[in-house]
Amino acid sequence: MTRAYNFCAGPASLPTDVLEQASREMLDYQGRGLSVMEMSHRSNEYAEIAHQAEQDLRELLAISDDYAVLFLQGGASLQFSMVALNLMGENGGAAYVNTGQWSAKAIAEAGRYGKVQVVASNSAQRGLTIPLQDTWEPLADNTAYLHYTPNETIGGVEFDFIPEVDVPLVADFSSSILSEPLDVNRFGVIYAGAQKNIGPAGLVIAIVRKDLLGKAQAQTPTLLDYSVHAKHGSMYHTPPTYSWYLAGLVFQWLKKQGGLSAMADINQRKAKKLYDYIDNSGFYSNPIEPRFRSRMNVPFILADSQLDEAFLAGADEARLLNLKGHRSVGGMRASIYNAVPEAGIDALIDYMKDFAQKNG
Ligand SMILES: *Cc1c(COP(=O)(O)O)cnc(C)c1O
């Protein structure tokens, strides 16, 4: 068996070690004679799996007891609604930073539940930069929170700073969580869909400061109320048990790699190598302001878009998968999350060099 290098934006690459362990445990979890998929979420075995995963995540991100860690369904997109329903208050409002397609979706959804002030946007710069905080509008009175998207998965722009605000900070970390250490104490809510840098699809993790619980709008469906999930340890109803288990294996794998500082170094090296090659190639290009280039999602275009099909076909043959850019952007995108090894970057660059030589 040889595994291809998978550059998919999500559902994305998972560590081979993790998949091997899951495969060993698939039919018979630790001698219990059943798969994790077949376990009651109320069983002792599963409670242990769930608890261990939460502990390991808390350890990796140094999450204090002031925060609830919730394992939920509905993806990051449902968090767009949950954040607003839980934090805005009855006649409240919230501030949003618009840096691309994911923030735009979060903004549209929040607008259904209260007043939204877009304090800054990069749309006049076609999404190629991050607006520095000293250019933002001041927050309106009664702003319940400020929401931003630290890494825009489609556009390939990433904040290199954490905003400083007097209201709870809410962040959609779907595509960059666990890629480097993070000071969780700066945030009110952090959420991330699992299928980029955590585990399989079907799971979204929300890290919620406990003093923000219990303030949901009256119309909030029970299942969308953070406090319900916090009170029941994410087991008010059946959680996505298998995705939670697999996320737990990824957390253990991350600890074995040396934790998030080690991952940050590796990710920095991987991204630098790829951007350096693109910039010096004379054939490929990435238009993002260098300071704000994403370390996780690297969009690039070829000198001649008529070569796109051939590039993708050749990549597929070289077992470099899912390099096609987002349908709204075109071109290429290499998503290089934690589970994509450095050797994958080397293989990609080798292929890109070869292709440029033959077609340049
Ligand atoms: C993928 C992604 C989403 C949407 O995630 P779903 O789980 O499909 O709802 C939201 N925000 C960001 C930043 C993403 O990368």
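The values are calculated or read from the model by the stated rules, or taken from the named source; none is laboratory data. Note that the structure is a prediction, hence the values are computed from the model and not measured. Neighbour counts run over all protein chains shown; Cβ positions are idealised from the backbone, glycine included.
Here's the yes/no breakdown for (1) in the same structural domain as LEU348 (by TED's automatic domain parsing); (2) at pLDDT 95 or above; (3) assigned to a helix (DSSP H, G or I):
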{"residue": "MET1", "(1), (2), (3)": "no, no, no"}
{"residue": "GLU20", "(1), (2), (3)": "no, yes, yes"}
{"residue": "SER23", "(1), (2), (3)": "no, yes, yes"}
{"residue": "LEU27", "(1), (2), (3)": "no, yes, no"}
{"residue": "LEU34", "(1), (2), (3)": "no, yes, no"}
{"residue": "ARG42", "(1), (2), (3)": "no, yes, no"}
{"residue": "ALA47", "(1), (2), (3)": "no, yes, yes"}
{"residue": "ALA50", "(1), (2), (3)": "no, yes, yes"}
{"residue": "GLN55", "(1), (2), (3)": "no, yes, yes"}
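Please tell me if PHE251 is at pLDDT 95 or above, buried (at least 21 other Cβ atoms within 10 Å of the Cβ) and closer than 25 Å to VAL204 by Cβ. In short, yes. Condition check: within 16 Å of the ligand (Cβ to nearest atom), under 20 Å from SER294 (Cβ atoms) and touching a strand residue (DSSP E or B) at 6+ places or on another chain (Cβ under 9 Å). Does VAL97 satisfy that? Yes: the conditions hold for VAL97. Would you say VAL116 is among the hydrophobic types (A, V, I, L, M, F, W, C) and buried (at least 24 other Cβ atoms within 10 Å of the Cβ)? No. The set of residues from the stretch 336-360 being in contact (Cβ under 8 Å) with a residue 12 or more places away in the chain and farther than 28 Å from GLN252 by Cα comprises ILE349, TYR351, MET352, LYS353, PHE355, ALA356, ASN359, GLY360. Residues that are touching a strand residue (DSSP E or B) at 6+ places or on another chain (Cβ under 8 Å), of a type in the set (Phe, Trp, Tyr) and within 12 Å of the ligand (Cβ to nearest atom) do not occur anywhere in the stretch 174-189.
With respect to the conditions (1) within 16 Å of the ligand (Cβ to nearest atom); (2) part of a helix (DSSP H, G or I), ALA124 falls short on a single one, namely (1). Restricting ILE107, ILE130 to those that are surrounded by 19 or more Cβ atoms within 10 Å (Cβ to Cβ), within 20 Å of the chain's Cα centre (by Cα) and in a loop (DSSP other than H, G, I, E, B) reduces the list to ILE130. Would it be correct to say that GLY89 is at pLDDT below 95 and either more than 16 Å from the ligand (Cβ to nearest atom) or in contact with a helix residue (DSSP H, G or I) (Cβ under 6 Å, 6 or more places away or on another chain) (or both)? Yes, satisfied.
Residue pairs whose Cβ atoms lie under 6 Å apart, separated by 6 or more positions or on different chains, with the first residue in the stretch 163-175 and in the same structural domain as THR143 (by TED's automatic domain parsing) and the second of a type in the set (Ser, Thr, Tyr) and more than 12 Å from the ligand (Cβ to nearest atom), are VAL167/THR143; VAL167/TYR145; PRO168/TYR145; VAL170/TYR145. Between ASN86, ASN91, ASN122, the distinction of being buried (at least 18 other Cβ atoms within 10 Å of the Cβ), among the polar types (S, T, N, Q) and farther than 30 Å from VAL250 by Cα belongs to ASN122 only.
Just one residue in the set THR143, THR129 is of a type in the set (S, T, N, Q) and within 27 Å of PRO181 (Cα to Cα); that residue is THR129.
Every listed requirement among (1) surrounded by 21 or more Cβ atoms within 10 Å (Cβ to Cβ); (2) out of contact with any strand residue (DSSP E or B) (no Cβ under 7 Å at 6 or more places or on another chain); (3) not basic (Lys, Arg) is met by MET352 save one, (2).
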